[in-house]
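First up is the structure itself, then whatever we jot down about it.
The values are calculated or read from the model by the stated rules, or taken from the named source; none is laboratory data. Because the structure is a prediction, the values reported are computed rather than measured. Positions of Cβ are backbone-derived with ideal geometry, glycine not excepted, and every protein chain shown enters the neighbour counts. Please note that ligands, DNA and RNA were not included when accessible areas were found on the heavy atoms of the full protein model with its side chains. Shrake-Rupley method; radii C 1.70, N 1.55, O 1.52, S 1.80 Å.
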Amino acid sequence: MSEVFRVGFVNRWERRDPRTGLNYASFLVQWHMYEPPYRFSAQSKQIQAGLLEYPLVKEPNHDSLLYSARVRPGIRFSDGTELTAEHVAASLEKTPAFKIHAGASARGDRVFFRLKHPNAAFELLLSRFDHGIVLERGRDFLGTGPYMLAEVKPDCLRLVRNPHYKEPVRLQEFECRIYPLDADGGRKKLLEAVNRGEVDFTDELARDELNKVEKMRKCIDLGYCTAILFFNTERPLFQDPRVRLAVASAVDRKGLAAQSYSNALAFAATGMTPPVLGSTPDLITYDSARARDLLAKANVNTKSPLVLGMLPVPRPYLPEPKVTAASVAAQLGQLGFSVEIRQPRDLAEYQEFTQRSVYDLLLAGWIPDTPSPLDFMESLLASHNVPTEANQATRGSNFSRWRNTEMDAALQKQRVKPDAANWQRICDLVRTEVPLFPLMYGPRIAVVSWRARNFPRDFGSGAFLAQVELPESASSRPSAGSSEPARPVVFQSKSFR
């Protein structure tokens, strides 16, 4: 048996700069190589010092939007370079998600943040995964996290311990192996590798594939992300909220969920935010008669063809994108629409696809970056998050391309001073304007080998593999002839992105 801990992927690693936030195949790699300025503890639900001292210090300034923090001493990148305030500021200045909210500069051992607008949760922003601090060395992106890249092959990445990382690291190295999807989008190669004992951890199996996994621990993190049908509101057809509501009413969410999950009721969406962030019911029910009536009142010609774009890879909220897209197209066909499905070849093409706005509908979704429902809403609804060439990374996520001044004002008001009545106004606007339609809530699925000791409950973010231990022998694993099934462990979700 291999002494190296092995992680299984189905998607290839397409990007190496963690600040872009679009590397669906390797968020896990990013978490273990890079660190943001602050850390968010899922256990205590508190922000903690990371690369910077906590909390931020408010600087005397005429507009009260200037803050600073000192760089913690002794932190080094994986090549031995000591972290400075200049490194932090320079990296953040190249982080699109950060630049929406603030600018960064350095003076001495302090990093200064000038906010563009008041933000009561700015420190939480500095704990996000896509704010990892990077040192560019040629074509390489170095980090301060517990691991560094040792080897990169088309089908395998190897990460080894960063010798300059000061905190304890039990797992000295691990490999990430690629098991490509089948032609029909299935994960047969990964599933077979898991059952052959070639994979110690993966979170890329679909929910119903768990029943086929043998001799592995199974973890299910319920309701932590949302699959969404976005309406391109720049297209004339979808500028009318009645049309958006009509299309939403024609989509059977339970029917879609039943295609990917055996228990459809547990996964069919009822509102935009996933259950882990709280309930925001949209009150939309499947009603084809209502859909036809709304279209008639809006005088819509359903003979016009529609383009339905979709993600190029499976995601936790969309385990079978091709199947779901085909079902959505068939349901809209019942209204008379002719739907052409377009799937970009890879993430680069998908990014261009969304920037150019060459779709009427987009099948995608979102995983929370933080435990804040406001961050979730802002990512998908704020005008400044409409994808453009200049806004190409994580914040280019308003795929409805919906610009609404009332929503923008309410989001900013909530960020300055959270208020229950204003939050309700945000939810009401989503419900009445229908810029998008939530379809399903996705679980986070993980299987872990029995030889992995100290596997954490919070396996959804951060360098969680650093504390895993491998025994000298695998005697603690169930024997090959063991008849005791491995039961799924259902965790209340505490992990984000």
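A few notes on this one:
- With all protein chains in place and a 1.4 Å probe, the accessible surface of the chain carries 50 percent carbon and sulfur.
- Heavy atoms of the protein chains alone define the surface here; on that basis the chain has 41 Å² accessible area per residue at 1.4 Å probe size.
- Around the amide H of R76, modelled in the peptide plane, lie the amide H atoms of L83, all under 5 Å away and 5 or more residues distant in sequence or on another chain.
- Heavy atoms of L277: accessible area, 1.4 Å probe, square angstrom to 10: 20 Å²
- With all protein chains in place and ligands, DNA and RNA left out, the 1.4 Å accessible area ranks K153, K99 as K153, K99, largest first.
- Among beta bridges from DSSP that stay inside the chain, the antiparallel ones total about 75%.
- When shorter helices are ignored and each DSSP H run of at least 4 residues is given -39500 (n - 2.57), the per-residue value for the chain at 222 nm works out to -6500 deg cm²/dmol.
- Proximal lysines relative to K99, as straight alpha-carbon distance under 26 Å, when same-chain residues fewer than 8 apart are discounted: K45, K58, K116, K413, K417
- Ordering of 294-307, 437-450 by burial proxy (mean other Cβ atoms within 10 Å per residue, highest first): 437-450, 294-307
- Positive minus negative residues near S68 (Lys, Arg vs Asp, Glu; Cβ under 12 Å): +2
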